[in-house]
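Comments concern the structure below.
Values in this text are rule-based calculations from the coordinates and carry no lab data. Not measured: the values here are computed from a predicted model. As a convention, Cβ positions derive from the backbone with ideal geometry for all residues, glycine included, and neighbour counts pool all protein chains shown.
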Amino acid sequence: MSEILLKGGRIIDPASGFDATGDILIADGKIQSLSNASLQSNGQIIDCEGCIVSPGLIDIHVHFREPSSGNHEETILSGSKSASQGGFTTVCTMPNTTPAMDDPMLITEAIHIGDEVGRCRVLPTCCATIGRKGETLALLDAMCNAGAIAITDDGDVVECDELMTASLEACKKHNVPFMQHCQDPKQTVGGVMNAGAIQEELGLGAWPRIAEESIVERDITLNQNVGASWHAQHISSGGTVELIRQARSRGESISGEASPHHLLLTDAACRDIGTMAKMNPPLREQHDIDALKEGIADGTITILATDHAPHPEASKDRPFSEASFGIVGLDCALALYAKALIQDGVLDWPSMLAMMTNQPADLIRRPDLGRLTEGGVADITVIDPRCAWTIDAHAFGSAGRNCPFDGWNVTGKAILTMYGGKVTHAEASMNSL
């Protein structure tokens, strides 16, 4: 493999605290040298002046829909293209596929397809229960041994205390996190949006915060007797932030993630833009956003994750109560996080990138990822923090177009993505010297 020199960029490695202008030399899929590097033979020099050179971004919560019954257009191929266009080099796929990821052969196949596609690293999670039905524990030992990096029934909560405890024990045994979809179904029957004044105005079914918070509280209590790594997905409620803050203050292995839509949109969007704002969990109110940002600023929330959820257009073009939940996010997440957190003064670039690189890598027990180290894998994202652009869902790599941020003017973009030393995405603005 020929050498590539990334020249003159601001190198930010949040894990080590390194933050300086310099060069990175890549060869044979590895980082050969950092800072004052130079080509040892004929190779390509890429001008990174004015740009941030970061470890490859990691998203621990995406839906690529493969295997699929045919109702979804997204595949590992299209999802990986979306990831690379957004600057992501590693994604963790959720198991709510058809059939569900409850068999070790499906885990092995997903890893193989991701390797064959070769645009980003695809790390599958596995179901906690067979078919995600919450009735019988899945083959957790076999699936973790096959390469599943977390256990989750994402899309559904593990409602039974005994099954939840057994799942936590399996996580502890295999040193993987449990990623919980925090929703008590008994409290969300018919619910489609945040319980509140706008929901009442629209006459739609109510989805209260307590449906999320009660599961978080229950799981934290169950886990006190197990000590597994437990992670709250797509936090929407300020009350959840406080529950996690208290658990972490006691030294418990509890973490949580925030998504772009829960940082930028309130439940008013359900009235203003309709089904493109229909989320699970639902968009809340401004005080919830404020609590999420406070939790991010003080380190209570340690990970940013998109919950990238593509749907066919027809499934959103329905009455609100019948439409699909969720949106796509990989292509535009970086700019949206920058808008919500950097431009709003919550974080600086190194702190935000930590939440998208080494901190998610640590959660999934992959210390070889999310870092820039000599001899380490050359997963690298080059970011132009000055790049002003307009989000265009029709230009996404994803097969999904269900994006409420379509048409938004944003700043900050991944202009080059390198996975294992191979350039998988490059904007036309990238210059070779």
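So how strong a dipole does the chain carry about its Cα centre when Lys and Arg Cβ are +1 and Asp and Glu Cβ are -1, to the nearest 20 debye? Mind dumping the intermediate values first?
Working: 31 positive and 57 negative charges, 106 e Å.
Computed about the Cα centre, the dipole is about 500 debye.
Counting only DSSP beta bridges with both residues in the range 56-363, tell me the antiparallel percent, nearest 5.
Looking only at bridges with both residues in the range 56-363, the antiparallel portion is about 5 percent.
Quick one: grab the alpha carbon gyration tensor of the range 56-363, order the square roots of its eigenvalues as a ≥ b ≥ c, and give me rounded if a/c is under 1.5, else prolate or oblate depending on whether a/b is larger than b/c.
rounded
Compute the distance from the alpha-carbon center of the range 117-166 to that of the range 253-285, in whole Å.
25
Just to check I understand the Karplus step: with θ = phi - 60° and J = 6.51 cos²θ - 1.76 cosθ + 1.60, what whole-Hz values come out for the range 303-315, glycine and proline as x?
9, 9, 9, 7, 6, 4, 9, x, 9, x, 4, 5, 6
Determine, for Met164, Met143, the number of other Cβ atoms within 10 Å of each Cβ, and report the residues in order from fewest to most. Please list the in-between numbers first.
Values: Met164 25, Met143 28.
The order, fewest Cβ neighbours first, is Met164, Met143.
Which far-off residues, 5 or more places away or on another chain, put their amide H under 5 Å from the one on Ile303, with H placed in the peptide plane?
The list, which skips near neighbours in sequence, is Gly256, Ala258.
With unit charges on the beta carbon (Lys/Arg positive, Asp/Glu negative), name the residue among Gly256, Leu34, Ile52 whose Cα is farthest towards the positive pole of the charge dipole of the chain.
Ranked along the dipole, the leading option is Leu34.
Using the Cα gyration tensor of the range 207-344, with a ≥ b ≥ c the square roots of its eigenvalues, what is the shape: rounded (a/c below 1.5), prolate (a/b larger than b/c) or oblate (neither)? Don't jump to the answer; show the numbers that get you there.
Working: a/c = 2.00, a/b = 1.57, b/c = 1.27.
Note, shape of the range 207-344 comes out prolate.
Rounded, prolate or oblate: pick one for the range 302-409, where a ≥ b ≥ c are the square roots of the eigenvalues of its C-alpha gyration tensor, a/c under 1.5 means rounded, and failing that, prolate if a/b is larger than b/c, else oblate. It would help to have the intermediate numbers written out before the result.
Working: a/c = 2.13, a/b = 1.68, b/c = 1.27.
Here the range 302-409 falls in the prolate category.
Around Pro385, under 13 Å between beta carbons, what's the net of Lys plus Arg minus Asp minus Glu among the other residues? Mind dumping the intermediate values first?
Details: positive: Arg10, Lys339, Arg386, Lys413; negative: Glu49, Asp348, Asp384.
Summing Lys/Arg as +1 and Asp/Glu as -1 gives +1.
Excluding Pro360 itself, what net charge comes from residues whose Cβ is under 14 Å from its Cβ, given Lys and Arg +1 and Asp and Glu -1? Display every interim value, and only then the final one.
Numbers: positive: Arg121, Arg365, Arg366, Arg371; negative: Asp59, Glu257, Asp307, Asp362, Asp368, Asp379.
Residues near Pro360 contribute -2 overall.
Sorted by packing (mean other beta-carbon atoms within 10 Å per residue), highest first, where do 372-378, 198-204, 412-418, 273-279 land?
On the way: 372-378: 17.9, 198-204: 15.0, 412-418: 24.4, 273-279: 20.9.
Packing proxy ranking, top to bottom: 412-418, 273-279, 372-378, 198-204.
Over the chain, what is the mean sequence separation of C-alpha contacts under 8 Å (at least six apart), divided by residue count, expressed as relative contact order in percent?
The normalised contact order for the chain reaches 20 percent.
On a 25 Å Cα-Cα criterion, which of the cross-link pairs Lys173/Lys293; Lys172/Lys278; Lys81/Lys316; Lys293/Lys413; Lys133/Lys173; Lys7/Lys413 come out too long? Each step should come with its number before you reach the end.
Numbers: Lys173/Lys293 33 Å; Lys172/Lys278 35 Å; Lys81/Lys316 23 Å; Lys293/Lys413 22 Å; Lys133/Lys173 23 Å; Lys7/Lys413 18 Å.
Violating the 25 Å Cα-Cα cut-off are Lys173/Lys293; Lys172/Lys278.
Explain nothing, just compute: Karplus ³J(HN,Hα) = 6.51 cos²θ - 1.76 cosθ + 1.60, θ = phi - 60°, for every residue of the range 173-184 in order, whole Hz, x for Gly and Pro.
Calculated HN-Hα couplings, in order: 4, 9, 6, 10, x, 9, 9, 9, 7, 8, 8, 7 Hz.
For Gln183, enumerate residues with amide H under 5 Å from its amide H, sequence gap 5+ or separate chain, H modeled in the peptide plane.
Val157
Take each of the peptides 169-175, 343-349, average the number of other beta-carbon atoms within 10 Å over its residues, and list them starting from the highest.
On the way: 169-175: 17.1, 343-349: 14.7.
Top of the packing list down: 169-175, 343-349.
When only C-alpha pairs under 8 Å and at least 6 residues apart count, what is the relative contact order of the range 383-422, in percent? Don't jump to the answer; show the numbers that get you there.
Values: 44 pairs, mean separation 21.5, N = 40.
Once divided by the residue count of the range 383-422, the mean separation gives 54 percent.
Can you list the aspartates and glutamates whose alpha carbon is less than 18 Å from that of Lys422, not counting same-chain residues fewer than 8 positions off?
Leaving aside aspartates and glutamates fewer than 8 places away in the same chain, those within reach of Lys422 are Glu3, Asp23, Asp28, Asp47, Asp115, Glu116, Asp368, Glu374, Asp379.
Please list, ordered by chain and number, the residues whose modelled amide H lies under 5 Å from the amide H of Gly50; skip anything fewer than 5 residues away on the same chain.
For Gly50, whose amide H was placed from the backbone, the distant partners under 5 Å are Arg10.
Along the charge dipole of the chain, Cβ charges K/R +1 and D/E -1, which of Gly43, Asn358, Thr381 sits furthest on the positive end?
Gly43
When you count, for each residue, the other Cβ atoms within 10 Å and take the mean per peptide, how do 115-122, 219-226, 358-365, 152-159 rank with the highest first?
On the way: 115-122: 19.8, 219-226: 16.9, 358-365: 21.9, 152-159: 23.4.
Packing proxy ranking, top to bottom: 152-159, 358-365, 115-122, 219-226.
Tell me, what HN-Hα J-couplings in whole Hz come from the Karplus equation 6.51 cos²θ - 1.76 cosθ + 1.60 at θ = phi - 60° for each residue of the range 358-367, using x for Gly and Pro?
Going residue by residue, I get 6, 5, x, 4, 5, 4, 8, 6, 10, x Hz, with x marking Gly and Pro.
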